[in-house]
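Rule-based calculations on the coordinates, nothing more; no lab input. Not measured: the values here are computed from a predicted model. A quick note on method: Cβ atoms are made from the backbone with ideal geometry, for glycine too, and the neighbour counts reach across all protein chains shown.
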Amino acid sequence: MANPYEDGNIHNLILTSVYLNGVSGTNKTINWRNGNVQKVSMTDDCTFTFTNPVSGICSVLFVNSGEFVYSATWPENIIWKNNTAPSFTANRTVIIEFYYDGSNYYGRWEEYY
């Protein structure tokens, strides 16, 4: 399947326990070997890097913005739904879903609460 979000549904999502990835700082590496469900709290504008993806698996990243509004720079091989990367609002958590096809990530997101 080229784009798992074409029909609006998530495919191949296997949830595990949530890996608490700590705070972001200005650079944060998300190592998908730690689990396909991870949580990070932003403490600054941050550049995210992804390592060890698993092809054909969906992953989820919970990003909490804290009391300030920060911006994120994402890996270039993410193809965002509607060509729109996540934006952050103070004191909100954004849930970001990724599907990795072996070379690109397909991502979509929503503000959770």
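Values for this structure:
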{"quantity": "Hull-based mean projected area of the range 19-111, where the convex hull spans the alpha carbons, in square nanometres", "calculated": "5.0 nm²"}
{"quantity": "For the range 19-111: relative contact order, % (alpha-carbon pairs under 8 angstrom, 6 or more apart)", "calculated": "26 percent"}
{"quantity": "Given charges at beta-carbon only (K, R positive; D, E negative), |dipole| of the range 17-113 in Debye", "calculated": "200 debye"}
{"quantity": "Cβ-based charge dipole, the range 19-111, positive-most Cα from 75, 100, 86", "calculated": "100"}
{"quantity": "Counted charge near residue 59, where neighbours are those whose Cβ lies closer than 13 Å (Asp, Glu -1; Lys, Arg +1)", "calculated": "+1"}
